[in-house]
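These notes are about the structure you will find just below.
The values are calculated or read from the model by the stated rules, or taken from the named source; none is laboratory data. Here the structure is a predicted model, which means the values were calculated and not measured. Here Cβ is always computed from backbone atoms with ideal geometry, including for glycine, and neighbour counts include all displayed protein chains.
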Amino acid sequence: MGQVTYEEACEYILDIPKFAGKHTLADTKEMLGRLTGSRIESKIIHVAGTNGKGSVCAYLQSILRTAGFHVGMFISPHLETMRERILYDGEMIPQESFVKTFELVREESDRQKEKHPSFFEFLFLMGMCYFKEKEPDYIILETGLGGRLDATNCIAKPKLCVITEIGFDHMQYLGNTLVEIAGEKAGIIKPGTPVVYLDKRKETSRVIEQTAAVLETPAIAVKKSQIGRPVMRKKSIDFSFGNGYYRYDNLILRTTAAYQTEHARICSILRKAAEARGISTENASVALVAARSLKEERIDDEAVRKGLYDAFWPGRMEEILPRVFLDGAHNEDGIEAFLTSVSAANTEQEKAAGKRLLLFGVVADKQYDKMIGRIAASQLFSHIAVTVLASDRSASIDKLKVAWAQYKTADCSFHESAEEAFHYIQSIQKEADTIYIAGSLYLVGQIKTLVRRTPDD
């Protein structure tokens, strides 16, 4: 195989699961060493968790860049293009660099056919090759699945570890209890490397604290009590944060997503939802504490405030068209947070003005029956367009019909493609109605691509 095009490189990577062999984390570490040398000099921040990883990474990147640092970031999944996974100073890896790093990793992989990297590992290795070339001051690594056995965990000595909210997801791989799942996430903690974590569930916090104690490393908790009363505005959230070392007032997040900070005291709807289902997270506060834990003089109050304000994360209550919102809620906790955000935006004025419509699609290996139950119970949507995804992981239309049939009050239509479903829900949308799209990041990516198309495509 000679010099390849960008499209050929992407095709090769997508085909990797067909021939990826069995190997260990040590094999990934060994291959990384051959590709990048003994180590990457940049300071690495390793982020794990069930919900909120992407947002925390986005906030951290923004704070660090505001402070004047160059930042590499490896994230997953992507929404539209694999280049989204490898970022330098907020910009996707250029196509030519993508092909260059692909060739490097493919060549090394060809020498180790019995230990060929998986899809995720291959992209991770490409990202690290790119970061070796760019030499950022910091590299933010987001785990793909779990933590203990994740490819990103081959980094022996990160500068800082961060663990966001832990909930039920990928139980077939991580375990059936929160304690088991937390054990996998806590597997990223290293001796001598501080870990910042969201202290939200006692059973998961205990696992993190015990792991840190065994490894004799500091565990820095972010507690709900440290976050002041937030104020939700139309396009932002104002809140404060304080602990024993520093305090911030008048912090502003440019988002309407309720899961970006603690909303339990905003109004009765949010308070009841938080108390009953524990849906609130403090992603911005976790990122704030993580940034300050780096002990960089350049990360001052202004860098924190401006970094949080300027941060953007696609697919999180993102308005892609007037009154059309995308949200990457893809598990039970994510759906709860999404529903809370929709409820919070549901003012009396908006109730009178228009209806809420939902476009929903989900992969088969999620607990989609519970997600559907939450949506139906909310009674927030006058119509729900249910679709099959353009992915072999999609839940089938027959199984989705069975799941939704349990809820007679839900007005649903069923569609064989996201494009068909989106066009349908747009056709029934009146001027004052709002469309929400949730259930899977695959769906979010497909709709973003669809909206981006020109009429000639």
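Before moving on, here are some points about what is shown:
- Listed by first and then second residue, the pairs with beta-carbon distance under 6 Å, at least 6 apart or on different chains, first residue in the stretch 367-387 and acidic (Asp, Glu), second in a helix (DSSP H, G or I), are ASP369/ALA403.
- Scanning the stretch 433-442 for residues that are modelled with pLDDT under 90 and not hydroxyl-bearing (Ser, Thr, Tyr) turns up GLY439, LEU441.
- Within the span defined as the stretch 380-399, one or more residues are surrounded by fewer than 21 Cβ atoms within 10 Å (Cβ to Cβ), under 24 Å from the mean Cα position of the chain (by Cα) and in a strand (DSSP E or B).
- Residue within the stretch 237-247 that is of a type in the set (Phe, Trp, Tyr), farther than 17 Å from ASP199 by Cα, buried (at least 20 other Cβ atoms within 10 Å of the Cβ) and modelled with pLDDT of 75 or more present: yes
- Exclusive hit being part of a helix (DSSP H, G or I), surrounded by 14 or more Cβ atoms within 10 Å (Cβ to Cβ) and either of a type in the set (Ser, Thr, Tyr) or modelled with pLDDT of 90 or more (or both), set VAL222, VAL207, VAL196, VAL179: VAL207
- Selection status of ALA418, under 24 Å from the mean Cα position of the chain (by Cα), under 26 Å from LEU14 (Cβ atoms) and modelled with pLDDT of 90 or more: yes
- Residue list for the stretch 292-311, filter: touching a helix residue (DSSP H, G or I) at 6+ places or on another chain (Cβ under 7 Å) and in a loop (DSSP other than H, G, I, E, B): ILE299, ALA311
- Screening the stretch 53-159 for helices (runs of 4 or more DSSP H) wholly inside it with 2 or more residues that are on the phi < 0 side of the Ramachandran plot, buried (at least 17 other Cβ atoms within 10 Å of the Cβ) and under 17 Å from the mean Cα position of the chain (by Cα) returns the ranges 53-66, 119-134.
- Checking each residue in the stretch 407-433 for being out of contact with any helix residue (DSSP H, G or I) (no Cβ under 8 Å at 6 or more places or on another chain) and not in a loop (DSSP other than H, G, I, E, B) picks out GLU420, ALA421, HIS423, TYR424, ILE425, GLN426, SER427, ILE428.
- Complete set of residues in the stretch 28-52 that are over 12 Å from GLU108 (Cα atoms) and over 16 Å from the mean Cα position of the chain (by Cα): LYS29, GLY37, SER38, ARG39, ILE40, GLU41, SER42, LYS43, ILE44
- Test: residue in the stretch 160-167 that is buried (at least 24 other Cβ atoms within 10 Å of the Cβ) and acidic (Asp, Glu): yes
- Considering the conditions (1) in contact (Cβ under 8 Å) with a residue 40 or more places away in the chain; (2) out of contact with any Pro (no Cβ under 9 Å at 6 or more places or on another chain); (3) of a type outside the set (Lys, Arg), GLY33 is excluded by exactly one of them, (1).
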